[in-house]
Amino acid sequence: MLKNDLCLLVGLALFSCARIRHPDTAPQGAETVVTLLHFSDYHSHAVPFFSEHQRAQAGIARALAYLRREKAAGGHVLVFSGGDMMNGGVPAWSDRYTCAEWGWLSGIVDVMALGNHDVDYGWDAFSACRAAVPYPILSGNLVDPDGRPLLSAGEKPYVVKTKGAVRIGIFALSGPDFGTLVKASHLPPGAHFADPVAAAAQIVKTLREVEKVSAVVFIGHQDWESDFAMARAVPGIDLILGTHSHYQREFMKIAGTATWFISPYQYLTYLSRVELRFQDGTLRGIAGRLVKLDQGLAADPSTAARVADLQAQLEQDPKYKDRFQVIGQAAVEISNDHIDTGESVLGNFAMDILRGAAHASVAISTASSFRAAIPPGPIRTEDFLNAIPYGNQILTFRLTGAQLARLLSYSLSKRATDNFAVTSGLRYVIRGDQATQVQVARGGGEMEVYEPIHPAGLYSVMTTDYIANVAAGYKEVFREAARGTDTGLWVNDTILQFIRKKSPVSARIEGRITEKNP
C-alpha cells in the first residue's frame, strides 16, 4: 500500500508531495490509473494510405484492433474521438458511405466531439448518424436561439465518467472558426456557435465545483492555437487532446499553465495515449505519448475484409470509378514535409503550377490547403485529392510590395500552423520572426529573374477565393487592393490538367526559403 507522502514520478511529470484528502469511496492510499486513448480528424480514411514516406499506414481496421485490444485488456480505459469523422467530397469513401464506420466504434468510443466536417452533408444527415451510435457527441457552445446547447449528454454539455475511485469530466467545444467553416444551412434554424472560451469557463467551473471531478479533459474541436489560449484563460483543465489543426505534437505542458497537451496528427496515422495516475482520488501524475499505427501493428481481420469489400464496390461505382483511374506519374515523392514551417516539395509543385496558370509574379495560399504527400509512381485522381482536396477559385490581385511584406510578416507569426503561407515567386530569409532579403519573381520561364522587393512597387499576386475572402490575416490585406480578377480557373482542375499533360511530374526543394540565426 502506498503511503500518503509518497511522490509519484510518471514519465516527465513530477508532482510535489501533499497531504491527500481521502474520498469516502476509496481506501486510504488507493491508487487508480486511467488510460485515455484519442484520435481525431479521421476524415473517412478507412483504407491504409501513403504517409510519412511509407505506404499502407493507418486504416480503420488497424485502429480498431488496437483499441479493442486495449479495452479488452482490463483496467480503466476511455476512448475519445475528436471529430471530423467524415469529409464531404474527399475521399470518395466519405460521399458514398458517410458515417458507416461510426457504428463500428460502438462499444469502443466513449465520447466524440463535433467536428466542422461532421455536418458536411447537412444537419439531418448528421442527426441520423448521431442516432445510430450509443456514444454522445458533444459541442458545449453550439446552441439554439435561446442559448441552449444542441449537443449534450443527458441535458449536460459534458460527460462525467467514473473509473474506480475517480470521476473524470470530459467536454468539447466548437472552435472560434466554426462560424466561418460551417454553413448556416447545415445547422438547425437559428443555431449558432457561442464564444468557446466563455463556454469553457462555465463548463470547467461546473465540473470542478458541482460535479467534483478528479480531472478535466478537453477533446476538441478547435485549432491548437485556440487550445493554448483557452488553457491560459481557463484554469482547471488538466489535459487537452488536440484536434482540428492536423497537428502532430508529442506530450507537453502548455507554457504558463498547469495544462498538458498532445495531438495525434490526422487520418488515424497516430493515436494519443495518456495515463492519469490518481492517489486517493487526487490527480498526482500524468504522462503521454503518440502511438504510430504503422505496419508493425496488426489490423482486425474482419474489419480489413469489410473495408476491402466496400472499397472494391466504391471503385466500381460509375459515380466514382473515374476517381481511381491513373492520370499520370510522379517521378519522386511530392512530399508535404515542412508545409507549415518553410519550403516544401508539395508547396513548390502546386504553387508554381498555379502561378504559371494565372500569369502572376507571386502565388500565395496557406498550409491548410495541403493535407498529404503525393506518393511516387502512378497518380490517381483520388491520390491527388487526398493531397490537395479543396477546389478553390483562382484569383489575381495587384498588391504593393508593402502589402506583400505584411502578408509575409503575418505568415511568420503563424508558423507551424495551418495559416502559414505557402508561396511561389518569392524568395526570402527568415531571421527570428522576420522575413528579410525578400525577392520577387519578374518575367517567366527561362527568362525569370528575382529582384529585391520595393515597398511602392506593384505586383500581380495569385491567390484563392478562400484566402482572399475568408482566411483571417490575409483577407484584410487583399481587401485593401483593387477588386480581384477571377481567372475562371480552379485549383484542382488546373493542377490535374498539368499532371495529365506533363507526366512524369517532379519537384524539389530549391532554397527559396532559408533560415538564419538573428
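The values are calculated or read from the model by the stated rules, or taken from the named source; none is laboratory data. What you are looking at is a predicted structure, and each value in this text was computed from that prediction instead of being measured. Every residue, glycine among them, receives a Cβ derived from its backbone with ideal geometry; neighbour counts consider all protein chains shown. Ligands, DNA and RNA are excluded from the accessible area calculation, which covers all protein heavy atoms including side chains. Shrake-Rupley method; radii C 1.70, N 1.55, O 1.52, S 1.80 Å.
Pairing residues of the stretch 343-367 that are under 13 Å from Met462 (Cβ atoms) and open to solvent by 10 Å² or more (accessible area, probe 1.4 Å) with residues that are modelled with pLDDT of 95 or more and assigned to a helix (DSSP H, G or I), at Cβ distances under 6 Å and at least 6 apart in sequence or on separate chains, gives Ile353/Ile495; Ile353/Phe498; Ala357/Thr494. Figure legend. Inter-residue proximity from the stretch 178-202: first residues under 20 Å from Ala471 (Cα atoms), second residues open to solvent by 40 Å² or more (accessible area, probe 1.4 Å) and part of a strand (DSSP E or B), beta-carbon distance below 8 Å, spacing 6+ or different chains. Indicated pairs: Phe178/Phe193; Gly179/His192; Gly179/Phe193; Val182/Phe193.
The lone criterion from (1) out of contact with any Lys or Arg (no Cβ under 9 Å at 6 or more places or on another chain); (2) part of a loop (DSSP other than H, G, I, E, B); (3) under 26 Å from Tyr267 (Cα atoms) left unmet by Gly107 is number (1). Screening the stretch 116-139 for residues that are in a helix (DSSP H, G or I) and hydrophobic (A, V, I, L, M, F, W, C) and picking the one that is surrounded by the most Cβ atoms within 10 Å (Cβ to Cβ) gives Val119.
Scanning the stretch 249-260 for residues that are over 29 Å from Ser51 (Cβ atoms) and buried (at least 22 other Cβ atoms within 10 Å of the Cβ) yields a total of 0. Applying the set (1) closer than 24 Å to Val119 by Cβ; (2) in a loop (DSSP other than H, G, I, E, B) to Asp227 leaves exactly one unmet item: (2). Among the residues of the stretch 230-242, the ones that are over 18 Å from the mean Cα position of the chain (by Cα) and in a helix (DSSP H, G or I) come to 3 in all.
Ser245 - would you say it is part of a loop (DSSP other than H, G, I, E, B) and either touching a His at 6+ places or on another chain (Cβ under 7 Å) or within 24 Å of Ala372 (Cβ to Cβ) (or both)? Spelling it out, Ser245 is indeed part of a loop (DSSP other than H, G, I, E, B) and either touching a His at 6+ places or on another chain (Cβ under 7 Å) or within 24 Å of Ala372 (Cβ to Cβ) (or both). Annotation: Thr98 fulfils all but one of (1) at positive phi; (2) at pLDDT below 95; (3) of a type in the set (Ser, Thr, Tyr); the unmet one is (2). Taking the conditions (1) touching a Lys or Arg at 6+ places or on another chain (Cβ under 6 Å); (2) outside any strand (DSSP E or B) in turn, Ala363 satisfies each one other than (2). Looking at the structure I just gave you, is Ser413 touching a residue at least 12 places away in the same chain (Cβ under 8 Å), in contact with a strand residue (DSSP E or B) (Cβ under 6 Å, 6 or more places away or on another chain) and within 30 Å of Gln222 (Cα to Cα)? Answer is no for this residue.
Rundown of residues vs (1) over 28 Å from the mean Cα position of the chain (by Cα); (2) under 30 Å from Val182 (Cβ atoms), yes/no style:
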residue	(1), (2)
Gln437	yes, no
Glu451	yes, no
Pro455	yes, no
Leu458	yes, no
Ala471	no, yes
Thr494	no, yes
Ser503	yes, no
Ser506	no, no
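Restricting attention to the stretch 439-466, the residues being within 18 Å of His359 (Cα to Cα) and in contact (Cβ under 8 Å) with a residue 12 or more places away in the chain number 16. Among the residues of the stretch 140-155, those that are in a strand (DSSP E or B) and in contact (Cβ under 8 Å) with a residue 12 or more places away in the chain comprise Gly140, Asn141, Leu142, Val143, Leu150, Leu151, Ala153.
Assigned to a strand (DSSP E or B) and touching a residue at least 24 places away in the same chain (Cβ under 8 Å): is that true of Arg208 in this structure? Taking the combined requirement at face value, the residue does not satisfy it.
If you go through the stretch 177-208 one residue at a time, how many are open to solvent by 70 Å² or more (accessible area, probe 1.4 Å) and among the acidic types (Asp, Glu)? Result for the stretch 177-208: 1. Considering only residues in the stretch 261-282 that are touching a Leu at 6+ places or on another chain (Cβ under 9 Å) and either open to solvent by 30 Å² or more (accessible area, probe 1.4 Å) or among the hydroxyl-bearing types (Ser, Thr, Tyr) (or both), the one that is nearest to Ala229 (Cα to Cα) turns out to be Ser263.
Please tell me if Val213 is in a loop (DSSP other than H, G, I, E, B), at pLDDT 95 or above and closer than 17 Å to Leu78 by Cα. Against the criterion (in a loop (DSSP other than H, G, I, E, B), at pLDDT 95 or above and closer than 17 Å to Leu78 by Cα), Val213 qualifies.
The residues listed here are Phe228, Phe251, Phe261; of these, the one that is under 30 Å from Arg69 (Cα atoms) and without any contact (Cβ under 8 Å) to a residue 40 or more places away in the chain is Phe261. Which ones in the stretch 283-297 are charged (D, E, K, R), assigned to a strand (DSSP E or B) and either open to solvent by 60 Å² or more (accessible area, probe 1.4 Å) or within 23 Å of Ser81 (Cβ to Cβ) (or both)? Passing the criteria: Arg289, Lys292. For the stretch 298-331, a residue qualifies if it is among the aliphatic types (A, V, I, L, M) and crowded, with 16+ Cβ neighbours inside 10 Å, and the qualifying residues are Ala299, Ala304, Val307, Leu310, Leu314, Ile327, Ala330. Annotation note: Cβ proximity below 9 Å between a residue of the stretch 114-126 that is free of Cβ contacts under 8 Å to residues at least 12 places away in the same chain and a residue that is among the small types (Gly, Ala, Ser) and open to solvent by less than 10 Å² (accessible area, probe 1.4 Å) (sequence gap 6+ or interchain) occurs for no pair.
Inside the stretch 217-234, residues that are small (Gly, Ala, Ser) and open to solvent by less than 10 Å² (accessible area, probe 1.4 Å) make up a count of 2.
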